[in-house]
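Mind looking over this structure? Questions follow.
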Amino acid sequence: AKHVAPGSHVFFSQEMADEVQERLSISNALQQALTNHELELYFQPQQRVKDNRPQGLEVLLRWLPPGKKPISPGIFIPVAEETSLICDIGDWVLQQTCDRIQYWQEQGHQTGRVSVNISARHFHSVDFVSRLSLLLQQFPACRHRLTLEMTEGVILESLHESRSRMAQIKALGVGLSIDDFGTGYSSFAYLRELPVDELKLDRAFIQYIDQRPQDRAIIACLLELARTLQMSVVAEGVETESQLATLAELNCPAYQGYLRARPMPEAELLRWLAEQ
Ligand code: C2E
Ligand code: CA
Ligand code: CA
Ligand code: CA
């Protein structure tokens, strides 16, 4: 706990006011960014562990204000998530992603499945499923090629509601993946009752997998769980050959990470895919 010296509440409240001010200005600028086309999709490949074959992509948003450094989604997504701005951004990301999937399909690029991150407020918005359904009518090539990534927090916020929504999404031919799996404080019991296709194992478990027997044991266990539940697995944040070798020993099916490919813009992605 913080030691509060006499009079220091003035300091803390100033800090809090600055924080609010900063969030407000990020939020306003972000709204502008969406209108001014300063947001861009980046793509990070996912590969099979056994032979490095590309099997899919994750869409990761970037904010590129003209003349400034790119701003990480780790900074602006949490701000957007506080308001319905996240729904506008999320709709835009889905729309753009479907547009690209359709285009790649027409051009004969083999990208595999494409995963999009979905925030809680967006997923739980009233007409999320009907808008998704409309989008798939507009871009029929995206059916069976699109996957939505959600954290367990998003799902557990309202399990009953999530379950019916997830069933409707599955019925549209869209895949469902649990992001950052294992980092929440929940049990895994909820997995039994949800139509989940994939688990993404968080980087926190992968980072020391080749050094800490405990971490290796946890991953082995989660892989076994996924096999039993017939879910696919992607290990996130693979940065070294040694981590990858350990994943291979454990028969982890797929991975994603800086070791082979960072998130990249479309032109670079298509070059990268052509080289594989
Ligand atoms: P995430 O979904 O867990 O995405 C993985 C993050 O790890 C990405 O950060 C990715 O660039 C980074 N990463 C990938 N490989 C490695 C690696 O080998 N080492 C390390 N250290 N990091 C790696 P990024 O792109 O900055 O995105 C941060 C978070 O922002 C994402 O975490 C996701 O929660 C959120 N996000 C990104 N794009 C979107 C979006 O379109 N919509 C929503 N709602 N959230 C998004
Ligand atoms: Ca993700
Ligand atoms: Ca993740
Ligand atoms: Ca995350």
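Bear in mind these aren't lab numbers, they're just calculated from the coordinates by the rules spelled out. In this text, all values refer to a predicted model and were calculated from it rather than measured experimentally. Heads up, the Cβs are rebuilt from the backbone with ideal geometry, glycines too, and the neighbour counts pull from every protein chain shown.
Give the Rg (one decimal place) followed by the Dmax (whole number) of the chain, computed from C-alpha coordinates and expressed in Å.
Taking only Cα atoms of the chain, I get Rg and Dmax of 20.0, 68 Å.
Right, here's the next one. With runs of 4+ DSSP H residues as the only contributors, calculate the mean residue ellipticity of the chain at 222 nm using -39,500 (n - 2.57) per run, divided by the residue total and rounded to the nearest 500.
-14500 deg cm²/dmol
From the phi of every residue in segment 109-119, what ³J(HN,Hα) in whole Hz does the Karplus formula 6.51 cos²θ - 1.76 cosθ + 1.60 yield, where θ is phi - 60° and glycine or proline is x?
3J(HN,Hα) across segment 109-119, in whole Hz: 7, 8, 9, x, 6, 10, 9, 10, 7, 10, 7.
Also, I was wondering about something else. Around residue 60, which amide H atoms from residues at least 5 apart in sequence, or from another chain, sit under 5 Å from its own amide H, with H modelled in the peptide plane?
Answer set, sorted by chain and number: 42, 43, 44.
A further question follows. Please compute P(r) over all alpha-carbon pairs of segment 117-274, binned at 10 Å starting from zero, and give each bin as a whole-number percent.
All Cα pairs considered, the percentages come to 10, 35, 34, 19, 2.
Pull out a ≥ b ≥ c, the square roots of the eigenvalues of the alpha-carbon gyration tensor of segment 2-151, then state rounded if a/c is under 1.5, prolate if not and a/b is larger than b/c, and oblate in the remaining case.
The shape class here is prolate.
Would you mind pulling out the separation of the Cα centroids of segment 248-271 and segment 103-158, in Å?
20
If we count every other residue with Cβ under 12 angstrom of residue 188's Cβ, Lys/Arg +1 and Asp/Glu -1, where does the sum land?
-2
Let me ask something additional. Which residue, 105, 47, 21, tops the fluctuation ranking in a GNM of the chain built on C-alpha contacts under 10 Å?
Looking only at 105, 47, 21, the biggest GNM fluctuation is shown by 21.
Starting from the Cα of residue 68, draw a straight line to each of the aspartates and glutamates and keep only those under 12 Å, dropping any in the same chain fewer than 8 residues away.
38
Here's another thing I want to ask about it. Would segment 68-107 count as rounded, prolate or oblate if I go by the C-alpha gyration tensor, calling it rounded below 1.5 in a/c and otherwise prolate when a/b exceeds b/c, oblate otherwise?
Cα axes put segment 68-107 in the oblate bin.
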